[in-house]
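Down below is the structure, laid out as structure tokens.
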Amino acid sequence: MANAALRFEAPASLLPRWRAAHPGTAAAGALAGPGATDGAGAATLWYLDSAGAPQLALVHAGLSDGLSTEVSGASLRAGLEVIAGEAAAARAPTGAASPFQGGRSNGGGGPPPPGGV
């Protein structure tokens with residue numbers, strides 16, 4: 001499992017809704033932040049369920065090489081879509097031209113042709 005998935009911190013707006021939908025679950029009290037562990041290797045992992053809704057699982061974090069960590073838990077299954085981050089919204093162009101793009105009389109970027117023409 002990529003360590004980024006264990007470090008993922010759900011948006012604050014999601015946590016109250018998730019707790020309300022899952023009262024009394026062990027995972028509801030385990031939302032101490034990204035990569036939270038209890039010292040015995042228990043960690044939190046967010047994933048998407050079959051309906052595409054974010055869910056929280058308690059997992060046991062095992063050996064790590066600094067990039068990936070071995071995890072195990074009852075909620076884990078092959079093909080599970082874990083959440084490792086949020087996609088940034090696409091931005092519309094601001095209209096400001098890059099100084100590295102065309103606009104020169106010689107047909108675009110790059111140095112002028114030999115002979116200065």
Working only within the stretch 41-50, note down all residues that are in contact with a His (Cβ under 9 Å, 6 or more places away or on another chain) and either loosely packed, with under 13 Cβ neighbours inside 10 Å or under 17 Å from GLU9 (Cα atoms) (or both). ALA42, ALA43
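Please pick out the residue among ALA57, ALA61, ALA84, ALA88 that is under 20 Å from ALA12 (Cβ atoms) and outside any loop (DSSP other than H, G, I, E, B). Full working, then the answer.
Values: ALA61 fails: under 20 Å from ALA12 (Cβ atoms); ALA84 fails: outside any loop (DSSP other than H, G, I, E, B); ALA88 fails: outside any loop (DSSP other than H, G, I, E, B).
The unique qualifying residue is ALA57.
Conditions (1) exposed (fewer than 13 other Cβ atoms within 10 Å of the Cβ); (2) modelled with pLDDT of 85 or more, marked per residue:
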| site | (1), (2) |
| --- | --- |
| GLY52 | yes, yes |
| ALA61 | no, yes |
| VAL71 | no, yes |
| GLY79 | yes, yes |
| VAL82 | no, yes |
| THR94 | yes, no |
| GLN101 | yes, no |
| GLY107 | yes, no |
| GLY110 | yes, no |
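Select from the stretch 1-14 the residues that are outside any loop (DSSP other than H, G, I, E, B) and modelled with pLDDT under 85 and list them in ascending order.
Of all residues in the stretch 1-14, those outside any loop (DSSP other than H, G, I, E, B) come to 2-7, 14.
Passing the criteria: only LEU14.
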Among the residues in the stretch 15-36, are any under 20 Å from the mean Cα position of the chain (by Cα), modelled with pLDDT under 90 and closer than 17 Å to GLU81 by Cβ? yes
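The values are calculated or read from the model by the stated rules, or taken from the named source; none is laboratory data. It should be emphasised that the depicted structure is a prediction, and the values quoted were computed from it without experimental measurement. Here Cβ is always computed from backbone atoms with ideal geometry, including for glycine, and neighbour counts include all displayed protein chains.
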